[in-house]
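Written out below as structure tokens is the structure these notes cover.
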Amino acid sequence: MAGRTTLLQGTLDLLILKALAAGELHGLGVSRRIEQITGGTFSVQPGSLFPALHRLDEAGWLESDWRPSENNRRAKYYSLTKSGRKQLAAEAAQWNVVALAMGRALEA
Amino acid sequence: MSFKSRGVSLWRNLVHRDRVERDLDDELRSTFDLLVEENVRAGMTDEVARRKAALQLGAVEPLKERVRDARSGASIEALAQDVRYALRLLRRSPGFTAVALLTLALGIGANSAIFNVVDAVLLRPLPFPDADRVVHVAWDGGGHLQSLSAVKFQYWHDHARSFEAMATWRHLPARVDAGTNVSPVPALGVSRDFLRVLGYTPVLGRGFVAAEHVPGGPMVAVISHPMWRTRFGSAADVVGRTIRLNDEPVAIVGVLPESFAFPYENEPVEVIVPLGLTVDPNDVAENWPTVARLRGGVTREQAHTEAGSLTESFRAAYPNQVSAQDRGMILATFSELYVVDSVRRALWILMGAVTLVLLIACANVANLFLARAARRRGEMALRTALGATRGRIVRLVLTESVLVGLAAGALALLLGRWVAGVLVALTPTEVPRMAAVGIDWRVTLFTFVASLATSVLFGGAAAWPAARAHVAEVLRESPRGSSGRSRIRQGLLVAQSGLSMVLLVGAGLLLATLIGLTRVDTGFDPEGLVAARLPSKPAGYETSQDLWAFEQRVMQQLEGSPVIALVAGASSLPLERGINTPMTIGGRPDLWGTVEWRAVTPAYFQTLGIALAEGRPFENTDGAGRPPVAIVNEAFARSYFAGENPIGQRIEVGRVKGDWIDPSRVGPGVEIVGIVADIREVSLRTEPRRTMYVPQAQAPTLLSNVRGTMPVFIARERFPGGDVDRALMNAIRAVDPGLPRPQLFPLDDLVARSLARERFGATLLSVLAALALALTAFGIYGVLAYTIQQRRREIGIRMALGASGPQVARLVMVQGIAPVLVGVILGVLSSIAASKLVAGFLWGVTPTDPATLATMAAVLLGVALAASWIPAREAAGVDPVNALNCG
């Protein structure tokens, strides 16, 4: 695993929400998608992913459903709820504010 | 974060746990399958694919654990789990649980009981409706608070605008005849608006009307709710019925509500009757306690200010009612007026003492839990290895201790209630509001908080070392790392011994005081003496001559009585406050002071058995119109006539240095004709004061009437067992049947009653000290027994290396005695430091009395020795072969 960068809980939540923005995925799929959209920087282990998924599910931002997967086995699929989408937008905006400020600070 | 979503999840997680677990299982299994598929597609064989998938998924159990922890309700679930587990553990060791429960229940229960009393007497607000509008009106007589005189009461009643109503009352000893039984009942004579001030309305009938508050008005009464229930069976037609009160028919006009409470008397009031207040400007007797209800919208401060400003106009209107050092009318609190300072201090000291006992009990239970925790070290280490955090382990131990603590608290509440009941029965009557002692929310809350606090205290003490257990070290075969724990245990023993020492010293000092007081020579012989005291003074006995005539007639009635040998009258009894007056020795203006003054009949000294040292006793010829005489006691003679003969000298009563207090008192004074032995006229604790006695026939009315009481009679029985009571009562009856029934009691009771406070305090503190001693002894035994069990191997080795039984026993005993010794020293130092607190209660012994300190130290060390004896013997009996094999 190239350079294990530690992920804060809040950051992981944001990534999961973003990963599901395009459509529903099962647990493993979420992990693969995060790897994809971060260009391989973050590879989330099941040990961190599943607790986070369940937490977001209970918070009401995701909903889950058992569906047949691509190979016709049953898998638990997660998708964004309406409040989940709102939460994603809010957290993304917040992240941008922080990133801008950090960038400015580090350039100074 | 949606609450609804959380709520739903919480419900689901707690109630449908199985379904949730199965769901997670399925999800993880499906993820595993997907991974295998992925790997196979990437070209691996089935077996390699499965192995890789397993690695990718990671350890399943910890994963599930983490998901569970992330769920809502995880902590609740964990708590429930801990509680269930703790209950199971506690049930499995019933001996441990019982001992811990009992020890704590005793400690918390004692605290609950004392707090109950402290709460009832000092903390609870008054029981009246809207009690914060009720104020106490008192007269500040230059530093001390007094009740009002009738004149003052009337004046403020008429002029004070900040009060909606004012009321006063007087205790009336009453006898009620309602049909077949005659019994004494606590009764009150009350002024107008009494019920209005307190805020009660009768549930049946009415209160009193103005016409009934006139002296000589119609005889009516309002009865209490309990009396209505028990004597009249809650009959609806009780209004209008008559009862016989003190042999007079009295019509019932109302029934008080059940909530009626009168905290100014210790017995619940059963009957109230209207009082007609006679306002005599010359009457300065301050006998009228006063309460008032503030007018709506008026604050306490405003009322206080008005009371002060009215004092000035009062002083102008009635100058003889206000003396120079009086500061005037103020508003006071119930506590200031009715709770004596020493009582308040005593209660708080008691609270402190009982807290010490609780701490000792906690130390014992902490030791018990420590021993138990040590046994569970293996289990704790395993838990840590499985991923439990330190917080989780601490929570586990705390759950157990909180369960025990709360259970003990519930037990303590019951125990405390019983103990409080016993306390109420035994408390001397000068502690007010004892009737209010009972379980209310404050006491329950206190008990609950105490249980919780003690649980956390001893649980924490036990949990802390458990949480620090190092896994590797603990799982090794022979655990050696118990030094830290044993230091805590030793420390607890030191603390217990120290606290016990403090309590023992306290109890010892109070006991020494009590014993010293019982040995005090009262100066008279109370055996075989009976006193008759009339509770009030009716009309017709205003002057000294009236009193003397009354006494004479009673004594005549008893002449030749078969049961009474001698009888005398006096203005007050020994050991009770009497009258004191300023005086100057005739012709010597520098010899002046305040002395005790008593008016007595000639037979007084003989009846009481007081020896005449010099001169002559009073004769019947020392009457009105004859030269006024006096007899003084030895203290008086020593004080003013050291080396001279006082006989023949004169005392100018009412003269201070050169000035007469009152122009009416100017005169040649009284001549001293005799000297009698000292007796304790005021109290057992007080040294005999300078006292002068005058014949009642010659006593000035002004002095005779200061306390407004009838003279008391003292009779000496001819032989034991005679009915002196009846003879006295009949004689008084025969002379004046209109007098209220006298109180009759043996003088022995008086002496005992004067010691009531000391006896109570000494008993209470001794009980607490004994409790502390027992708990400490138990603690020592427990610690030593446990230590021996833990160190059997070490003992075995020592014995194998040649140590003898007695040597080992000595080792063990030293282990038990050493911390106690340290504790004793600390306890002695603390007692010395705290000596000022108890100094006020002691008599005849200093707070740092070496004899007491030494005795109590010996007691504690002796108990420690005894407690160490059994474990020491057991250690000496250890079989080295056995110990080395099993260790």
Report whether or not B:Asp521 is charged (D, E, K, R) and in a strand (DSSP E or B).
no
In this structure, does B:Pro263 turn out to be in contact with a Pro (Cβ under 9 Å, 6 or more places away or on another chain), within 18 Å of B:Asp132 (Cα to Cα) and open to solvent by less than 20 Å² (accessible area, probe 1.4 Å)?
yes
Would you check which residues across segment A:38-79 are more than 7 Å from every other protein chain (Cβ to nearest Cβ) and touching a Gly at 6+ places or on another chain (Cβ under 7 Å) and list them?
A:Leu49, A:Leu53, A:Trp61, A:Leu62
Provide a single number: the residues in segment B:1-20 that are assigned to a helix (DSSP H, G or I) and within 12 Å of chain A (Cβ to nearest Cβ).
12
Within segment B:620-726, which strands (runs of 3 or more DSSP E) (wholly inside it) include 2 or more residues that are surrounded by fewer than 22 Cβ atoms within 10 Å (Cβ to Cβ) and either out of contact with any Pro (no Cβ under 8 Å at 6 or more places or on another chain) or modelled with pLDDT of 85 or more (or both)?
B:670-676, B:712-717
Residue count, segment B:864-887 (criterion: open to solvent by less than 40 Å² (accessible area, probe 1.4 Å) and of a type in the set (A, V, I, L, M))
7
Only residues in segment B:782-796 that are farther than 15 Å from B:Val814 by Cα count as the first member; pair them with residues that are open to solvent by 60 Å² or more (accessible area, probe 1.4 Å), Cβ under 7 angstrom, at least 6 apart or cross-chain, and list the lot.
B:Arg792/B:Gly887; B:Arg793/B:Leu884; B:Arg793/B:Gly887; B:Gly796/B:Leu884; B:Gly796/B:Gly887
If you go through B:Arg88, B:Arg22, the only one that is without any contact (Cβ under 8 Å) to a residue 12 or more places away in the chain, open to solvent by 50 Å² or more (accessible area, probe 1.4 Å) and within 19 Å of A:Arg74 (Cβ to Cβ) is B:Arg22
A:Leu28 vs. criteria at pLDDT below 90, out of contact with any Lys or Arg (no Cβ under 7 Å at 6 or more places or on another chain) and surrounded by 15 or more Cβ atoms within 10 Å (Cβ to Cβ):
no
Please specify each residue of segment B:120-134 satisfying the condition of being surrounded by fewer than 19 Cβ atoms within 10 Å (Cβ to Cβ) and part of a helix (DSSP H, G or I).
B:Leu122, B:Leu123, B:Ala131, B:Asp132, B:Arg133
If we keep only residues of segment B:552-569 that are over 45 Å from the mean Cα position of the chain (by Cα) and not in a helix (DSSP H, G or I), then the residue surrounded by the fewest Cβ atoms within 10 Å (Cβ to Cβ) is B:Gly560
With a cut-off of at least 2 residues that are modelled with pLDDT of 90 or more, within 14 Å of chain A (Cβ to nearest Cβ) and over 30 Å from B:Cys362 (Cβ atoms), name the helices (runs of 4 or more DSSP H) lying wholly within segment B:43-104.
B:46-57
Checked segment B:570-602 for anything open to solvent by 20 Å² or more (accessible area, probe 1.4 Å) and assigned to a strand (DSSP E or B); matches are B:Asn580, B:Pro582, B:Arg588, B:Pro589, B:Asp590, B:Leu591, B:Trp592, B:Thr594
Starting from segment B:255-281, take each residue that is among the charged types (D, E, K, R) and modelled with pLDDT of 85 or more and list its partners that are open to solvent by less than 20 Å² (accessible area, probe 1.4 Å) and in a loop (DSSP other than H, G, I, E, B), counting only C-beta distances under 7 angstrom and pairs at least six apart or across chains.
B:Glu270/B:Ser224
Within segment B:494-521, track down each residue that is of a type in the set (Ser, Thr, Tyr) and buried (at least 19 other Cβ atoms within 10 Å of the Cβ).
B:Ser497, B:Ser500, B:Thr513
Criterion (modelled with pLDDT of 90 or more and either open to solvent by less than 20 Å² (accessible area, probe 1.4 Å) or acidic (Asp, Glu) (or both)) met by exactly one of B:Ala307, B:Ala292:
B:Ala292
For segment B:591-608, state whether one or more residues are out of contact with any Pro (no Cβ under 9 Å at 6 or more places or on another chain) and free of Cβ contacts under 8 Å to residues at least 24 places away in the same chain.
no
Report yes if some residue within segment A:4-16 is within 11 Å of chain B (Cβ to nearest Cβ) and under 26 Å from B:Asp69 (Cα atoms); otherwise report no.
yes
Wholly enclosed strands (runs of 3 or more DSSP E) of segment B:135-253 bearing at least 2 residues open to solvent by 30 Å² or more (accessible area, probe 1.4 Å) and closer than 20 Å to B:Tyr338 by Cβ:
B:163-177
Kindly list, by first and then second residue, each pair from a residue in segment B:30-59 that is more than 21 Å from A:Leu25 (Cα to Cα) and open to solvent by less than 10 Å² (accessible area, probe 1.4 Å) to a residue that is aliphatic (A, V, I, L, M) and part of a helix (DSSP H, G or I), limited to pairs with Cβ atoms under 6 Å and residues at least 6 apart or on different chains.
B:Ala49/B:Val36; B:Ala49/B:Val40
Could you check segment B:420-462 and list, in sequence order, the residues that are β-branched (Val, Ile, Thr), farther than 19 Å from B:Tyr338 by Cα and within 12 Å of the chain's Cα centre (by Cα)?
B:Val422
Identify, please: which residue in segment B:69-79 is open to solvent by 60 Å² or more (accessible area, probe 1.4 Å) and of a type outside the set (Ser, Thr, Tyr) and is, among those, farthest from B:Ser9 (Cα to Cα)?
B:Leu79
I need a count of the residues in segment B:310-356 that are of a type in the set (Phe, Trp, Tyr) and closer than 25 Å to B:Val502 by Cβ.
1
In segment B:310-340, what count of residues is obtained for those that are open to solvent by less than 40 Å² (accessible area, probe 1.4 Å), under 30 Å from B:Pro125 (Cα atoms) and of a type in the set (A, V, I, L, M, F, W, C)?
7
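The values are calculated or read from the model by the stated rules, or taken from the named source; none is laboratory data. Note that the coordinates shown come from a computational prediction; the quantities given were computed from them, not determined experimentally. With ideal geometry, Cβ positions are generated from the backbone for all residues, glycine too; neighbour counts draw on all protein chains shown. Accessible surface areas use protein heavy atoms only, side chains included; no ligands, DNA or RNA. Shrake-Rupley method; radii C 1.70, N 1.55, O 1.52, S 1.80 Å.
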